[in-house]
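The values are calculated or read from the model by the stated rules, or taken from the named source; none is laboratory data. Quick caveat, the model's predicted, so the values are computed rather than measured. Here the Cβ is made from the backbone with ideal geometry for all residues, glycine too, and neighbour counts use every protein chain on show.
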Amino acid sequence: MKLKDGIDLRHWNKLTEMLFAERNRQINKFGVQEWDSHKWNSILTEEVGEFAQSIIDYDSNESAESLDHVIEEITQVSMVAINILDCLLQKKEEEYL
């Protein structure tokens, strides 16, 4: 079953579980991150680069292990993007509302 935007409902719980696990991993490793836009851009760009490399690796060695690595990297990209959005929304609330 798919939502109208294409997300498979069968995966929705797993997706959110993976994102919360990644959020906890990042907090445990780095603490709560509150950076300026330039630092966030650097972090996100690094993560996107690691995701791109994982795709290259997967293309040259299609295996469950290499696909797991792609999934791990895109989960990290997704969580960094969510962290950025959270910080921006918080900034907007504090400074403009």
Scanning the stretch 73-91 for residues that are touching a residue at least 12 places away in the same chain (Cβ under 8 Å) and among the polar types (S, T, N, Q), the one farthest from Leu44 (Cα to Cα) turns out to be Thr75
Mind checking whether some residue in the stretch 45-62 is in contact (Cβ under 8 Å) with a residue 40 or more places away in the chain and not charged (D, E, K, R)?
-> no
Going through the stretch 22-32 in order, the residues found to be of a type in the set (A, V, I, L, M) and in a helix (DSSP H, G or I) are Ile27
Within the stretch 54-97, restricting to residues that are more than 17 Å from Lys39 (Cα to Cα) and aliphatic (A, V, I, L, M), the one that is surrounded by the fewest Cβ atoms within 10 Å (Cβ to Cβ) is Leu97
The condition of being of a type in the set (D, E, K, R) and either modelled with pLDDT under 95 or at positive phi (or both) holds, among Asp36, Asp59, only for Asp36
Practice task
State whether the residues of the stretch 33-46 include one that is touching a Cys at 6+ places or on another chain (Cβ under 9 Å), outside any helix (DSSP H, G or I) and closer than 19 Å to Leu19 by Cα.
Solution key: yes
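If I ask for residues that are out of contact with any helix residue (DSSP H, G or I) (no Cβ under 6 Å at 6 or more places or on another chain) and closer than 19 Å to Leu15 by Cα, which ones from the stretch 79-97 would you list?
Start the filter on the stretch 79-97 by keeping residues that are out of contact with any helix residue (DSSP H, G or I) (no Cβ under 6 Å at 6 or more places or on another chain), which leaves 81-83, 85-97.
Those that are out of contact with any helix residue (DSSP H, G or I) (no Cβ under 6 Å at 6 or more places or on another chain) and closer than 19 Å to Leu15 by Cα: Ala81, Ile82, Asn83, Leu85, Asp86.
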Quick count over the stretch 1-53, residues being over 17 Å from Val80 (Cα atoms) and surrounded by 11 or more Cβ atoms within 10 Å (Cβ to Cβ), is 5
